[in-house]
Amino acid sequence: MSNKTLQVMITAGAEDPHKARQGLEAALTAAAMGVEVHVFLTLRGAFWAEKRLKSDCYIPGCESIPALIVELIALGVNLETCSACAIHFTGSCETGPILIDGVKMGGLTTLTSRTIDGMPTITF
C-alpha cells in the first residue's frame, strides 16, 4: 500500500442506490490504485452492510452493491458501519444486524479521529 489514504463515507441507502454505488466505485478505484481506503457506512448507508439485502434495490445492468463490497474487502479495504445506524436502518432492532462478512461495527469516534489526523474524506 502507498502512504496515501482516503476515507469514503456512504450515507445513501436503498433510496439512492446510484449515489451509494458511486461512492463504493470511488473507493474501489482508489484501492485498485494502491491507496489505503476506509469505507464508513453510516445513516441510511448502513443498509448496505446487511447480509439480507432486498433484491429490488439493485441497479439494472450493474454489478450488485453487495458484490462491490465483497470486491472492496478482497482488496483489503477496511469497511465499517455505524453500529446504531446498522440497527436502525436494517430493521434488525430485535436480533441485531447480520453484517456481510468483513464489515465491522464502528463508531463516529473512529471516523472523526481519521479526519482530525488529516485523512481526506469524501461523502456520498
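A few points about this structure:
- On inspection, residue 79 fails the criterion of being among the hydrophobic types (A, V, I, L, M, F, W, C) and in a helix (DSSP H, G or I).
- All positions within region 17-42 that are in a loop (DSSP other than H, G, I, E, B) and touching a residue at least 40 places away in the same chain (Cβ under 8 Å): 42
- Looking across region 34-74 at every residue that is at pLDDT 90 or above and loosely packed, with under 14 Cβ neighbours inside 10 Å, the one that is farthest from residue 12 (Cα to Cα) is identified as 34.
The values are calculated or read from the model by the stated rules, or taken from the named source; none is laboratory data. The shown structure was predicted, so the numbers you read here are calculated from the model rather than taken from an experiment. Backbone-built Cβ (ideal geometry, glycine too); neighbour counts: all protein chains shown.
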